[in-house]
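Chemist: Encoded as structure tokens, here's the structure I'll be asking about.
The values are calculated or read from the model by the stated rules, or taken from the named source; none is laboratory data. Fair warning: this is a prediction, and the values are worked out from it, not measured in the lab. Cβ atoms come from the backbone with ideal geometry, glycine included; neighbour counts cover every protein chain shown.
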Amino acid sequence: MPLEKIAKQSPHLSWIKDRCVFLTRHGSHSYNTNVETSDEDFKGICIPPKQYYLGFQHHFEQAELKEPDTVVYEIKKFFNLASACNPSIIEVLHTDPSDHIIVSDIGRIILDHKDKFLSKRVRYTFSGYAVSQLKRINLL
């Protein structure tokens, strides 16, 4: 599991396994568009211990892992990205339940209210994302 790898590589994040409220597979494997060389992608949400919110000694926004490709966001950062209609975050909220690895009670509440993150802003963020992908294709 990716969370165990994160905790092993970064012992100061040993809490991440127990404090993850949502973890899902996304990307090509979740859309059945993967090929033999496709890597697995995971994204999640966690709530750090209180010392990460109180005082100045600890700071956490996200944890990343290269293999498998994983990003776990601190809940406030995730909410900020979702409310800005970030396409890669909105996608995570709409993955198929069969791809959900962890869904705690808090994770269920987030999923039950996923449409609340959508606004008219989504038109611009998704079209901007599409244009950037088209430009990237033309550069290849």
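Chemist: Within region 30-63, can you find the residues that are within 21 Å of Pro87 (Cα to Cα), touching a residue at least 40 places away in the same chain (Cβ under 8 Å) and not small (Gly, Ala, Ser)? Break it down into steps so the answer makes sense when it comes.
Modeler: Just the residues of region 30-63 that are within 21 Å of Pro87 (Cα to Cα), to begin with: 30-34, 38-46, 61-63.
When the remaining residues are screened for being touching a residue at least 40 places away in the same chain (Cβ under 8 Å), the result is 30, 42-45, 63.
Those that are within 21 Å of Pro87 (Cα to Cα), touching a residue at least 40 places away in the same chain (Cβ under 8 Å) and not small (Gly, Ala, Ser): Phe42, Lys43, Ile45.
Chemist: Could I ask something else about it? Return the residues of region 72-84 that are surrounded by fewer than 20 Cβ atoms within 10 Å (Cβ to Cβ) and among the hydrophobic types (A, V, I, L, M, F, W, C); say none if nothing qualifies.
Modeler: Of everything in region 72-84, those that are surrounded by fewer than 20 Cβ atoms within 10 Å (Cβ to Cβ) and among the hydrophobic types (A, V, I, L, M, F, W, C) turn out to be Ile75, Phe79, Leu81, Ala84.
Chemist: Additional query: Can you tell me which residues in region 5-33 are part of a helix (DSSP H, G or I) and out of contact with any helix residue (DSSP H, G or I) (no Cβ under 6 Å at 6 or more places or on another chain)? If you could, list the steps in order and put the result at the bottom.
Modeler: Within region 5-33, the subset part of a helix (DSSP H, G or I) is 5-9, 11-17.
Once the filter is applied, which keeps residues that are part of a helix (DSSP H, G or I) and out of contact with any helix residue (DSSP H, G or I) (no Cβ under 6 Å at 6 or more places or on another chain), region 5-33 yields Lys5, Lys8, Gln9, Pro11, His12, Trp15.
Chemist: Mind telling me which of the residues Ile110, Ile102 ends up being outside any helix (DSSP H, G or I), at pLDDT 95 or above and under 13 Å from the mean Cα position of the chain (by Cα)? Talk me through it step by step, then tell me what you get.
Modeler: On the way: Ile110 fails: outside any helix (DSSP H, G or I).
Of Ile110, Ile102, the one residue that is outside any helix (DSSP H, G or I), at pLDDT 95 or above and under 13 Å from the mean Cα position of the chain (by Cα) is Ile102.
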